[in-house]
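Colleague: Below you will find the structure I want to go over with you.
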Amino acid sequence: MRAVMKLIVAILIAAVSLVTYWCNRQENEFTGQVQHVDMTVEQEIALGLQTAPKMASQYGGLHPDEQARAQVNEIGQRLVQNTRVRETPYKFDFHLLADENTVNAFALPGGQIFITAGLLRRLSSEAQLAGVLGHEIGHVVGRHSAQQLAKAKLTQGLTGAAAIATYDPNNPASQTGAVAAAMIGKLMNMRYGREDELESDRLAVRLTGEAGYDPRAMIEVMRILEEASGGASGPEFTQTHPNPGNRIAEIERAIQQKYPNGLPAGLID
């Protein structure tokens, strides 16, 4: 009888999680895609602002070089103000982090964008920096964090249901099933995250070109990241980003689709 009750509870939890996920659908005004999200833009902005100080502290805080911080923000704001991004409700701030050893860049929900000094010092042009920041803007306007949070809630519900259905307090070995279910959930979320990365690359091609930067600089960024991934500072970036070498073909394809007749003259490289 107890086993039947556990199974019923597990089925109910799984059903509620699935129905909640599939019923929370919104059209993204920037990309036109219908997405599974269950939070508002205002909630995204608030979450990002609340999380930003803690995230910055993990990378040694903001970089002490005010001029370098201002340059990062200036290029980021140019990408915002010279594209349709300016029409979105997000509040964009661009931050240079003090960490000289870690090669990374990331975006929080709502528009808080960060790049480490370790990545910035490897870049050799303004257009390369624009490509990195444009990629992170793509995450924000693509609402990728909101999507991931919705998927995480779904995964939590499904793995919780699996744990209830399989766990037997009198048999410690039954924990293995719950652990395996949790691992599968994490792998699912990581896979979807990698697709988000590729979409952000395509959006970055669009944003950099519209803001006057040469989007081909992103190809050089991928080569820089590919080189970095072989060193001690590489793994943190590659944990959440697809292989840089594999992304080059996607970027080249996006450039060809955006500019079938060739790039316009006068772009900043």
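Colleague: In this structure, does Pro260 turn out to be modelled with pLDDT of 85 or more, outside any helix (DSSP H, G or I), buried (at least 19 other Cβ atoms within 10 Å of the Cβ) and not charged (D, E, K, R)?
Modeller: no
Colleague: Continuing with this model, one more query. Within segment 192-222, track down each residue that is free of Cβ contacts under 8 Å to residues at least 40 places away in the same chain and under 14 Å from Arg253 (Cβ atoms).
Modeller: Across segment 192-222, the qualifying residues are Ile219, Met222.
Colleague: Suppose the filter is open to solvent by less than 10 Å² (accessible area, probe 1.4 Å) and at pLDDT 95 or above; does Leu203 pass it?
Modeller: No.
Colleague: For the condition over 18 Å from Gly209 (Cα atoms) and part of a helix (DSSP H, G or I), what is the one hit in Ala127, Ala146?
Modeller: Sole residue among the options that is over 18 Å from Gly209 (Cα atoms) and part of a helix (DSSP H, G or I): Ala146.
Colleague: Taking the conditions exactly as written (closer than 14 Å to Asn104 by Cα and modelled with pLDDT of 90 or more), does Ile248 satisfy them or not?
Modeller: For Ile248, the condition - closer than 14 Å to Asn104 by Cα and modelled with pLDDT of 90 or more - is not met.
Colleague: If a residue counts only when it is buried (at least 18 other Cβ atoms within 10 Å of the Cβ), which strands (runs of 3 or more DSSP E) contained entirely in segment 23-115 have at least 2 such residues?
Modeller: Per the criteria, 93-97, 105-107.
Colleague: Within segment 63-90, how many residues are closer than 17 Å to Phe106 by Cβ and basic (Lys, Arg)?
Modeller: Result for segment 63-90: 1.
The values are calculated or read from the model by the stated rules, or taken from the named source; none is laboratory data. As the structure is a computational prediction, the values presented were derived from the model and not from experiment. Note that we place each Cβ from the backbone using ideal geometry, even for glycine, and neighbour counts take in every protein chain shown. Protein only, heavy atoms only, side chains kept; ligands, DNA and RNA dropped before computing areas. Shrake-Rupley method; radii C 1.70, N 1.55, O 1.52, S 1.80 Å.
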